[in-house]
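In what follows, a structure is listed as structure tokens, so that the remarks can point back to it.
Read the figures in this text as sums done on the coordinates, not as results from a lab. Source: prediction; values computed, not measured. Methodologically, a virtual Cβ is constructed for each residue, glycine included, from the backbone with ideal geometry; neighbour enumeration extends over all protein chains shown.
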Amino acid sequence: MSAAPLTPRPLHWLRRSLALLILASALLITSTQTARAAADPPPRHLVQPGDTLSAIAQHYGSTVPALMAANGLTDPDSLAVGQILIAPPAAQPLQRIETRPRDTLASVAQRYAVDLTDLQTINHLTPGQRLTPGQDLLAPAPPDQPSPALPPGPIRSISISPAVARQGETVAVQIHIDASQPLSLSLKLDPQTAPLFPIGAEELVGLVAVHALTEPGYVWLDLSWQRAGEAISQTLRWPIPVIEAGYPTYDIILPDDKGDLLAPELVQAELERMIALWSAVSEPPSARWLFQRPVAPEYLTSAPFGQRRSYNSGPVSSFHAGQDFAAPAGVPIYAPAAGVVVLADPLQVRGNAVLIDHGGGVFSGYWHLTDIVAQVGQQVQPGDLLGHVGTTGLSTGNHLHWELRVNGFAVDPMQWLTTRFP
Ligand SMILES: [Zn+2]
């Protein structure tokens, strides 16, 4: 039930106007190009033993990021023999998108600002063909990143995964450096600071959260570095293309007396206590594995992460900061990954709550429990019992609210069930 307040837009207004200007001009250029460039459906490739993504990319004149975006891949090293890949030429990068209820080809074309005929051709559809909600479609990718060239210096390469992020997703930023001289580095996605951790002598990785209410377009990473003995630090701006996640809007009609249920200062005090906990950065695990579902698979997801919320038909003022699972009271809740329990307490809004520190600025929360089994300071392993489903705190029925925080920002926890982060 808990929702994150509407925070200020992550970009300074000047930067944002600049980004929109660049995006607008890029869109103008591509809208005339795509009509001709994307006239043919992309080739398909049947993965053979020994195939690698880079070899396939080379064969079709494509790129690894283009293949990953078109096929929804998150790990370039996990190809399965017999898998069919779409291989868009580098000049016609594609992205995979999902249709929403009541979508038509025309509404999808409008949402992604792509040509209707292109959309039809790329997907082998006939004009006016009906779409089903949740259907996978291919669409021309957002325009090329405006200025991803690296200046000469100690930064050798930057790679982001996924190459195109949806609102509310976690993005891994991998930085390859020249480590011949000591170097201090910092990574920001304003106002978020992402801790960087070495994964080898010449490589660092940081995770950034793309805010669930980010406008589609670009967000900008600021990578600053300073060599030992040098007085001046340098900053490089690197774009992350962001597309709409298609989150639904939910209008909550509050009864007249509901406002009295919780005093704002109480809500704020509880939030500040949580912020103090999930803003801490501990060492990350030596490797991250896929997260496991916190409840058994028979308990279905209910209110999704990112659901926009308006109250009494007003404007969207907040979004759902976690993923809900519908489950009756007493259903066991398990740790999805290894970590340390940093909170196990009854709270006013979140009810009986457990918060786990997974290291490197990543935390997961479990709200509204009927009882808590885990203890503060406990080291948990995936599958360890944390407590049981309930409806304590500000909740209208038994369910688990599962929340994931990266650098203090709420991200879609479901992405972590299918994506292994470094
Ligand atoms: Zn919830």
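In whole Hz, what ³J(HN,Hα) sequence does the stretch 106-114 give by Karplus (6.51, -1.76, 1.60; θ = phi - 60°), x for Gly and Pro?
Karplus-based 3J(HN,Hα) across the stretch 106-114 equals 5, 5, 5, 4, 5, 4, 9, 6, 10 Hz.
For ALA338 and SER302 in one chain, what is 0.36 nm times their gap in residues minus the Cα-Cα distance, to one decimal in nm?
Length gained between ALA338 and SER302: 10.4 nm.
Apply the Karplus parameterisation 6.51 cos²θ - 1.76 cosθ + 1.60, with θ equal to phi minus 60°, to every residue of the stretch 42-55 and state each ³J(HN,Hα) to the nearest whole Hz, in sequence, with x for glycine and proline.
Once θ is set to phi - 60°, the couplings for the stretch 42-55 become x, x, 10, 10, 8, 5, 9, x, x, 5, 10, 4, 5, 5 Hz.
For GLN167, what residues show an amide H to amide H distance below 5 Å, using hydrogens built from the backbone and excluding near sequence neighbours?
Amide H neighbours of GLN167: ILE243, ALA245.
Given the options VAL114, VAL242, SER279, identify the residue whose Cα lies farthest towards the positive end of the charge dipole of the chain (+1 on Cβ of Lys, Arg; -1 on Cβ of Asp, Glu).
VAL114
Would you mind putting 333-341, 283-291 in packing order, based on average other-beta-carbon counts within 10 Å, highest first? Numbers along the way, then the final one.
Values: 333-341: 21.2, 283-291: 14.3.
Packing proxy ranking, top to bottom: 333-341, 283-291.
Which order do peptides 412-421, 107-116 fall in by mean Cβ count within 10 Å, highest first?
Top to bottom by mean Cβ count within 10 Å: 412-421, 107-116.
Which distance in nm do the two modelled labels at SER107 and GLN381 give, with both placed 7 Å along the Cα-to-Cβ direction?
4.8 nm
Apply 1/(1 + (r/R0)^6) to the Cβ-Cβ distance of GLU272 and THR396, taking R0 = 30 Å, and write down the FRET efficiency to the nearest 0.05.
E(calc), rounded to 0.05, equals 0.75.
Let me check the size of the chain from its C-alpha atoms; what are the radius of gyration and Dmax in Å?
Both quantities, over Cα of the chain: 22.5, 66 Å.
What does the C-alpha gyration tensor say about the overall shape of the stretch 275-339? Classify as rounded when a/c is under 1.5, otherwise prolate if a/b is larger than b/c, or oblate.
Judged from the Cα gyration tensor, the stretch 275-339 comes out oblate (a/c at least 1.5, b/c at or above a/b).
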